[in-house]
């Protein structure tokens with residue numbers, strides 16, 4: 001459920017940022033008379049990525065009427081602190097409005113924020129008049145933007161509201177989709193099978209083959225780090241997960257920065273073309289499906305029209321594999 005609060009008081013300044021993208025440094029005190037929409041996001045967050053098209057649409061439609069959108073990129077994982085990674089994501093996503101790189105969480109803390117994504121609307125007098133937590137609520141966000149612009153003197157009589165995307169209803173019988181699953185020890189809730197000791201390793205897992213929904217299972221040599229689960233040298237290993245969703249994603253990085261591949265199966269077979277996510281690749285000869293991990297990012301594994309139950313398996317023999325979290329929508 002979206003949480004909506006209205007805050008009173010003047011907005012904090014955008015101080016302590018590492019860099020500005022698409023703009024010279026801006027100060028909110030110099031934007032009085034305009035309407036400002038602050039969007040907290042981070043580039044490996046699926047909910048944030050789902051809101052970006054609406055932010056882009058608002059920018060395209062209302063910038064000429066005095067709306068200034070400023071994206072505040074506050075990292076969840078260490079690799080998202082890298083300014084070059086953020087710049088590449090902004091370019092890849094086609095974001096044209098200003099983005100601040102808030103790698104030290106200075107702006108995040110100044111606003112007292114705790115969520116990705118989150119939008120704060122600031123009126124012509126520099127006061128926060130509305131805020132919204134989570135994805136969705138697009139029509140309400142736009143109504144508040146239009147109201148603030150009208151109060152600032154904009155004439156929107158000829159501007160119809162943007163057609164907001166319709167939210168998919170959940171499949172009958174499914175009470176909830178699989179929640180986000182963190183794999184690093186800082187936020188992990190554990191795995192379905194425990195480590196066993198073999199000669200030379202106590203980071204070895206043996207998959208029991210019987211899997212419970214929403215719980216990851218491991219096979220092979222894996223070590224938990226604070227933020228991620230790393231595949232260790234040894235036999236080929238995999239992560240297995242039964243999930244319920246339309247789209248399944250995984251955030252991956254590389255321990256050394258070198259690219260690597262992970263084979264991906266769905267219900268024990270290559271991912272069908274009509275269910276494959278945007279990052280799935282296919283071997284022309286064998287039909288096997290896999291992903292190429294060439295940057296630290298979120299990778300889309302499956303994309304299905306309805307909410308369904310399936311089992312994913314991600315297989316690798318690379319000791320560069322760093323798996324951070326599964327996300328679903």
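Per residue, the convex hull around the alpha carbon atoms of the range 3-151 comes to 98 Å³.
Antiparallel beta bridges, as assigned by DSSP with both residues in the range 3-151, represent about 60 percent of the total such bridges.
Roughly how compact is the chain, stated as its Cα Rg over 2.2 N^0.38 Å to two decimals?
Details: Rg = 21.8 Å, N = 329, 2.2 N^0.38 = 19.9 Å.
So the chain has a normalised radius of gyration of 1.09.
Using the alpha carbons alone, the radius of gyration of the range 181-328 stands to its Kirkwood radius in an Rg to Rh ratio of 0.94. Applying 1/(1 + (r/R0)^6) with r as the Cβ-Cβ distance of residue 127 and residue 88 and R0 = 51 angstrom yields a FRET efficiency of 0.90. The Cα atoms of the range 50-112 cover 36, 27, 18 Å along the three principal axes, with the biggest extent listed first. When the chain is treated as a Gaussian network with alpha carbon springs shorter than 10 Å, the biggest mean-square fluctuation among 78, 302, 289 belongs to 78. Taking 7 Å steps out from each Cα toward its Cβ at residue 64 and residue 209 produces label points 6.5 nm apart. Once the chain from residue 150 to residue 309 is taken as fully extended at 0.36 nm per residue, the excess over their C-alpha distance is 52.6 nm.
Extension gain for residue 96 to residue 223 (0.36 nm times residue separation, less C-alpha to C-alpha distance): 41.8 nm.
In this label model, residue 202 and residue 285 are separated by 4.3 nm, measuring between points 7 Å along each Cα→Cβ vector. In a fully extended conformation the segment linking residue 232 and residue 292 would gain 19.8 nm over its present Cα-Cα distance, using 0.36 nm per residue.
When you count the other C-beta atoms within 10 angstrom of each residue and take the mean per peptide, 98-104, 187-193 line up highest first as 98-104, 187-193. Rounded to the nearest 500, the 222 nm mean residue ellipticity of the chain from helices alone is -4500 deg cm²/dmol, with -39,500 (n - 2.57) taken per DSSP H run of at least 4 residues.
No lab work stands behind these numbers, since they all come straight from the coordinates. On a predicted model such as this, the values are computed, not experimentally measured, just so you know. We place every Cβ from the backbone using ideal geometry, glycine too, and count neighbours over all the protein chains shown.
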